[in-house]
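Notes to accompany the following structure.
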Amino acid sequence: MKINGETTPPGDKSISHRAFMFGALARGTTAIEGALESRDVQSTREAMRSLGAAIGKKGDTWVVEGGSLREPVSVIDAGNSGTTARLISGICAGIDGVTTLTGDSSLVCRPMGRVIEPLEKMGARFLARQGRYLPLAIHGGTLKGISYGLKVASAQVKSALLLAGLSARGTTTVQEPTRSRDHTERMLAHFGVKLAIKENTISLTGPASLEAREVRVPGDPSSAAFPAVWAAATPGSQVLIRNVCMNPTRTGFMNVLKRMGAPVSVENIREQAGEPVGDLLVEGGALQATTIEGEEIPSLIDEIPILVVAACLAQGRTIIRDAAELRVKETDRIAAMVRGLSHLGVRVEELPDGLIIDGPIRPRSGAVETFSDHRIAMSFHILALACDIEVCLDDTACVDISYPGFFTAMERLR
Ligand code: S3P
C-alpha cells in the first residue's frame, strides 16, 4: 500500500531523557519543549524527582528546578528504559548515599556490568544481582576521574561515565571503539560544561556544574525511520517527515536507504539546543539490497529491525553484521525479527551478530510475537502496511515506549 503525505514524529527519546536529567543537575530553571511523552521518559522524570528535582508542566512546557540532588528515600524504577538505568547509575555514583535501582522484566535481564565496572574504578560501590544485573544498589560519594576505553560503542555507558565525571575530582576520559550517539556531549556543552573531544575520545574535568538552559527537543529519527522505510519500499509513495533530529550519529538509516536506491533528501536544516534538525523527504522506488556493517552500526542500531523490513522488500541479498548489541536491547532483536518473519512464511538466515536476507520476499498474513518490544511491534506493522497483509501483534501498547500515537499517525498516511 502506498503512503502519501506529511507527518511529524514525537520528540527524540535520547534527547528527552537527557533534558530532564541535565535540567535536574543544573542550577536554576530548565524549560523543556517538545519532550517525548512516553513511558520511558516518564521513568526518567520520576527518577529525577526521587533524587530531589522539582518537575512540573506549564502548558506544553516542562519546567525543571534542579541543582541539589540527594540520596533518594525510595527505590528508583527505571521501567523498560536502559538509558534511565545506565545514565542514572552515573549520576548516583556521584551522590553521597545509597541509591537502589530496578526495572521491568526486560530491563532486569540487560547488562549493567558495563557501567558497574568503570564506575567502581571511579570510586563508587555497587551491590548487584549476580554482580551485573538490576536490581542493584549504588553507594555513591567522592569519585576520581579515570581514563577508560569502552569495549563496545555505547552512548549509554559513555554518558554514565561522563555524568559521573561531572562530580569527580580530575579528568574523566572515555574512548570509544566507534563513535556512538553524542547527545550527551552536545547537551553538556549546551548547559555550559567544557569538554575536549578528539575523534573518539571525550574528556571533561570535574567538579563541573551545569547552568540551566532551554531545550527544544527535535523529532526522533528512530521514529521517523518507520514511515521513511514504508515510503522508500513502496513505489509511487512520498512522505515529508518534519522536524527530525539530523545528528549524524543517528542518521545512518538515511544513508542506507539512499544506498538502496531510495530518493531521500533533507530540507530546511536548522539548529536546536546544539542539535541539527531538518525535514526529511522520502520517495518510493525499487530498493536494492545492501550490506550494513562496521562503523556504521552504532548510527543505526535502533533502526535495524525496520531496515530488516526494507531488506525483505529489496532486490538481492542484504547482509547485516557487527550488530551483536541487538541481542541485549529491550529484547534479542535479531531473534525476534527472525522468529516474527518465520511466522509470516519468510525465511532469513540468523547470524550471531546479524542477519542475511534474500529479497524480495513476500510475507503472508499471520500472528507475530513482539516480546513487548516497541521497535519490533512497529517494524511488523510497517511490513503489514507495505505488503497489504494482516499482521496480528500480541502487544500493541508497547509502542508507547517511544512512539505514542504511532498507529493513528501511520493510518493518516494511507
Ligand atoms: C541510547 C543509546 C543506544 C540506543 C538506545 C538509546 C541513548 O544504546 O540503542 O535506544 O539514549 O544513549 P547503547 O548506548 O547501549 O548502544
Which whole-Hz couplings ³J(HN,Hα) result when phi for each residue of region 128-141 is put into the Karplus expression 6.51 cos²θ - 1.76 cosθ + 1.60, θ = phi - 60°, listed in order with x for Gly and Pro? 10, 4, 6, x, 8, 10, 5, x, 9, 10, 10, 9, x, x
For a quick protection proxy, order the peptides 303-316, 28-41 by their average other-Cβ count within 10 Å, most packed first. 303-316, 28-41
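Out of the DSSP beta bridges found with both residues in the chain, what percent are antiparallel (nearest 5)? Could the numbers behind the result be given before it?
Values: 51 of 72 bridges.
Bridges in the chain are about 70 percent antiparallel.
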Those trypsin sites (Lys or Arg not before Pro) in region 167-262 that DSSP places in a loop and that have at most 10 other beta carbons within 10 Å: K194
Measure of size requested: the Rg and Dmax of region 1-125, with Cα atoms as the atom set and Å as the unit; please supply both. 16.0, 57
What is the distance in Å between the Cα centres of region 349-414 and region 283-303? 17
For region 272-368, which trypsin sites (Lys or Arg not before Pro) are both in a DSSP coil and crowded by at most 15 other Cβ atoms within 10 Å? R347, R364
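Which whole-number value in Å³ per residue fits the convex hull of the alpha carbons of region 317-390?
Details: hull volume 5.6 nm³, N = 74.
Taking the convex hull of the Cα positions in region 317-390, it is 76 Å³ per residue.
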Within region 136-150, the residues whose backbone N lies under 17 Å from a label point placed 7 Å from the Cα of V98 along the Cα-to-Cβ direction are 136-142
Cα centroid of region 15-44 to Cα centroid of region 87-145, whole Å: 21
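Tally Lys and Arg at +1 and Asp and Glu at -1 over the other residues with C-beta under 11 Å from the C-beta of D358: what net charge comes out? Show your work: numbers first, answer last.
On the way: positive: R317, R347; negative: E349.
With Lys, Arg at +1 and Asp, Glu at -1, the neighbours total +1.
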Taking only the Cα atoms of region 13-216, how large is their convex hull per residue, in Å³? 98
So the FRET efficiency between D388 and T178, C-beta based with R0 = 41 Å and rounded to 0.05, is 0.60
Longest principal axis of the chain (C-alpha) makes with the long axis of helix 39-50 (C-alpha) an angle, in degrees to the nearest 10, of 10
Test of the criteria: in region 55-159, which trypsin sites (Lys or Arg not before Pro) are in a DSSP loop and have at most 16 other Cβ atoms within 10 angstrom of their Cβ? R70, R132, K151
Under the rule of -39500 (n - 2.57) per DSSP H run of 4 or more residues, summed and divided by the residues of the chain, what mean residue ellipticity at 222 nm is obtained, to the nearest 500 deg cm²/dmol? -9500 deg cm²/dmol
Surpassing 18 Å at the alpha-carbon level, of the pairs K57/K194; K158/K194; K198/K329; K121/K158; K13/K329; K121/K151, are K57/K194; K198/K329
So if the hydrodynamic radius of the chain is defined as the Kirkwood radius over C-alpha pairs, what does Stokes-Einstein give as its diffusion coefficient at 4 °C and 1.567 mPa s, in µm² per second? 60
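Taking 1 over the mean of 1/r across every pair of different Cα atoms in region 218-411, what Kirkwood radius in Å do you get?
Values: mean 1/r = 0.0609 Å⁻¹.
Roughly 16.4 Å, rounded to one decimal.
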Cβ-defined net charge surrounding T290, 11 Å radius [Lys, Arg +1; Asp, Glu -1]: +1
Relative to the present Cα-Cα distance, how much length would full extension add between T142 and V73 at 0.36 nm per residue of separation? 22.8 nm
Between R414 and E295, what is the label-point separation in nm under the 7 Å Cα-to-beta-carbon projection? 4.3
Taking 7 Å along the Cα-to-C-beta vector as the label spot, tell me the T396-R362 distance in nanometres, rounded to one decimal. 2.6
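Using the Cβ atoms and a cut-off under 12 Å, what net charge is assigned to the surroundings of V256, where Lys and Arg are +1 and Asp and Glu are -1? Could you put the intermediate results ahead of the total?
Details: positive: K258, R259; negative: E293, E296, E303.
Net charge around V256: -1.
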What angle do you read, to the nearest 10 degrees and between 0 and 90, between the alpha-carbon axis of helix 82-93 and the longest principal axis of the chain? 10
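Only the coordinates and a few stated rules stand behind these numbers; no lab work does. Because the structure is predicted, anything quoted here is derived from the model rather than measured. All Cβ positions, glycine included, derive from the backbone under ideal geometry; neighbour counts span all protein chains shown.
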